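Each remark here refers to the structure printed beneath this line.
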Amino acid sequence: MIKISPSVLACDFSKLGEEVARVEDGGADLLHLDVMDGIFVPNITFGAPIISAIRKKSALFFDVHLMITTPARYIDDFVKAGADLITIHYESCDNHIEVLKAIRAAGVKASISIKPATPAFILEPLLEYVDMVLVMTVEPGFGGQAFIPETMDSVRTVAQMIQQKGLNVDIEVDGGITPETIKIAYDAGARVFVAGSSVFKAPDAADAIAALRRAVE
Ligand code: DX5
Ligand code: ZN
């Protein structure tokens, strides 16, 4: 069973509510929300107030990807805004276990992400504190970039570590996911797929989501 998580970063923000409804009706399993602070990544997007506003309009599982420095400061805000899962970046703080525990203590699923150049083995001591690992398949910061095939080594390493420990942890990939690249990531062990451009820039979101599923099933 795979899950598709359309990223609103690629949507038409002038009609955010309708855009979310378009992918919700189109068969999305999760909604991916990219929070960027202009410091951890060279781009600024949106924060908790926007997520809180769409929470009122959508029943989708909110997959919140925090690309912000010192994420501990904002966990409560994103929990209150309606996050169902919060991903923090390994490179964004030192107190990973503390932050991941705080996320779970708030009743929300916890996840950790690595950028393409970060070695996957460093996640080993953190796996028991997460429900998901997000392996970035592009450099975080912008939508519409090309999938980096070398990141599949990280997906395979994470899959192996999870299996060795007998844990139930999902692997998500994010960046450049299309009907072509989804198969490569699936074969490496990913089961949750973020798709921004390939879903929101398509004329029909339902067709685009179906095409992603068809590519692996
Ligand atoms: C990049 C973001 C991604 C982005 C993916 O920093 O984390 O979620 O929206 O967009 P596409 O699918 O267009 O590469
Ligand atoms: Zn993302």
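No value in this document is a laboratory result; all are computed from the given coordinates. Keep in mind that this is a model prediction, so the values were computed, not measured. In this analysis, Cβ positions are derived from the backbone assuming ideal geometry, glycine residues included, and neighbour counts consider all displayed protein chains.
Observations on the model:
- Virtual spin-label span in nm between Ala117 and Asp84, 7 Å along Cα→Cβ: 3.5
- Mean shadow area of the range 117-217, taken as a quarter of the surface of its Cα convex hull (nm²): 6.4
- Computed extension gain for Leu127 through Glu150, at 0.36 nm per residue and net of the alpha carbon distance, reaches 6.1 nm.
- Rounded to the nearest 5, the antiparallel percentage of DSSP beta bridges internal to the chain is 5%.
- Electrostatic dipole magnitude of the range 151-209 [Cβ: Lys, Arg +1; Asp, Glu -1; Cα centre; debye, to 20]: 200
- Placing a label point 7 Å from the Cα of Gln164 along the Cα-to-Cβ direction, the residues of the range 176-196 whose backbone N falls under 19 Å of that point are 188-190.
- Structural descriptor for the chain: relative contact order 21 percent, calculated from alpha carbon pairs under 8 angstrom and at least 6 residues apart.
- Net charge dipole size for the chain [Lys, Arg +1 and Asp, Glu -1 on Cβ; Debye, nearest 20]: 340
- Net charge of Cβ neighbours under 9 Å - reference Ile2; Lys, Arg +1; Asp, Glu -1: +1
- Over 15 Å [Cα-Cα, the range 20-64], rounded percent: 47
- Estimated 222 nm signal from helices in the chain, with DSSP H stretches of n ≥ 4 weighted -39500 (n - 2.57), rounded to 500: -9500 deg cm²/dmol
- Virtual paramagnetic centre 7 Å along Cα→Cβ of Phe61, amide N under 11 Å, in the range 161-198: 170-171, 192-193
- Cα-Cα pairs of the range 61-165 separated by more than 21 Å (percent): 33
- Square roots of 5 times each gyration tensor eigenvalue, C-alpha, the chain, largest first, Å: 24, 21, 15
- Values of log10 I(q)/I(0), in the order q = 0.15 Å⁻¹, for the range 1-107 under a Debye, Cα-only, solvent-free model: -0.62
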